[in-house]
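The values are calculated or read from the model by the stated rules, or taken from the named source; none is laboratory data. All figures in this text were calculated on a predicted structure; none of them were measured in a lab. When we count neighbours, we look across all protein chains shown, and the Cβ atoms used for this are built from the backbone with ideal geometry, even at glycine.
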Amino acid sequence: MILSLALRSLRHRAFTVALTVLSIALSVSLLLGIERLREEARESFAATISGTDLIVGTRTSAVHLLLASVFRIGEPAGGLRWTSYRAIADQPAVAWTIPLSLGDSHRGYRVLGTTDAYFAHYGYGDHRKLVVAQGRAFSGPHEAVLGAEVARTLGYIIGSELVLAHGGGDVSFSLHTDQPFRVSGILAATGTPVDRTVHVSLDAIDALHAPVRAAAEVDPLAAALHAADAPPAAREADRTITAVLVGLRSRAAALSVQRSVNTFAPEPLTAILPGATLAELWSLVAVAEQALRAVSIMAVVVGLAGMLVALLTGLAERRREMAVLRAVGARPAQIFGLVVGEAACLAVAGVAAGLAIVQAGLALAQPWLAAHLGLFTGARWPSTYEWQLMALVVVAGTLVGILPAWRITRQSLTDGLTVRA
């Protein structure tokens, strides 16, 4: 009976109730939306690179190697000799390798020298592979494959020419104008550092930095042509790379291969586990994660405060209603339960509407989030933690109704029936 009366009373005040439910729904949708995006951001960050078991570079810290090789942040610690790379690639436990060479840039975007193995084995997200959306992968030493953001921001299309610069800064005075590159392909958006990278072949990197073979050869183009005409073994003998992505035949061999690389005799090397290092790096920025959670919680508090204000301001209009109920035999406990029940109904309706807003919003925004932010979240069944959050909001909303319920039960019958001018 009390629940039925509460629902009828809410229908009688439909406009005020709708505004209160909307306030709670928006705050709950903000809470759930931030929580959903926070979880997906953590998962996407951890899956910036997937399917790679080890990252190998010269001796440096694990975080520095990860930032340089995966996120293209900072400068490489040094060059890893090609002979060392071949020794690692030839280990029986190694299934595939991707050599990476950094050090150049184009208008603020990093240039990555690699091989065809990059497009075949590099993974991100939930084991997604790179897709050449337009054109094809590079096949010559002066062809480049652009990340989606590079092509979109700089307005490049297939066939566009670009000039690389030495160094990783936004502005460079050392341009390789003698060796322009032509865009052969553009990658589909991934929401990862791949989108902000210009990809060329290792042979192209060698040609750009080919040494002058004689003092009389001051023409860099001639030096590059000499390097291109040299036998592959001769070119590779002097080649150095920044890092190597390693895929193993069995993940159980990761620790043993890591140990063998870290104790590599010919030169000091570092092998890291990408997942463990990504978790370590995420812990360094966890304060931002906690700040987002605090903002969402405060939004819910504001929504519940709005419900409390709506209930309290409506007490003056409902004193006669409650007095009539008391006059026909309603006990104070029933009046108390009526108001608390209304608060609970408002909280449940607000939570349900907030969940619907989040599900619909994420379903509609999923393509944009995946393409621009690398977040692959969408409409899905709420997690256990999200159900707990919604339950806490309902409980808190019910508790909010205690104060107005206590006040209305203290109103006297005579005062409630008195008509005031």
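For this structure, a couple of remarks:
- Checked against the criterion of being at pLDDT 80 or above and of a type in the set (A, V, I, L, M, F, W, C), the candidates Val300, Val218, Val212, Val287 yield just one match: Val300.
- Residue match in the stretch 146-155 (condition: in a loop (DSSP other than H, G, I, E, B) and assigned by TED's automatic domain parsing to the domain that holds Val246): yes
- Wholly within the stretch 377-419, helices (runs of 4 or more DSSP H) carrying at least 3 residues that are at pLDDT 75 or above and farther than 22 Å from Leu325 by Cα: 384-400
- Applying the set (1) in a strand (DSSP E or B); (2) surrounded by 21 or more Cβ atoms within 10 Å (Cβ to Cβ) to Ala204 leaves exactly one unmet item: (1).
- Conditions (1) closer than 27 Å to Val257 by Cβ; (2) crowded, with 17+ Cβ neighbours inside 10 Å; number of the one not met by Ser27: (1)
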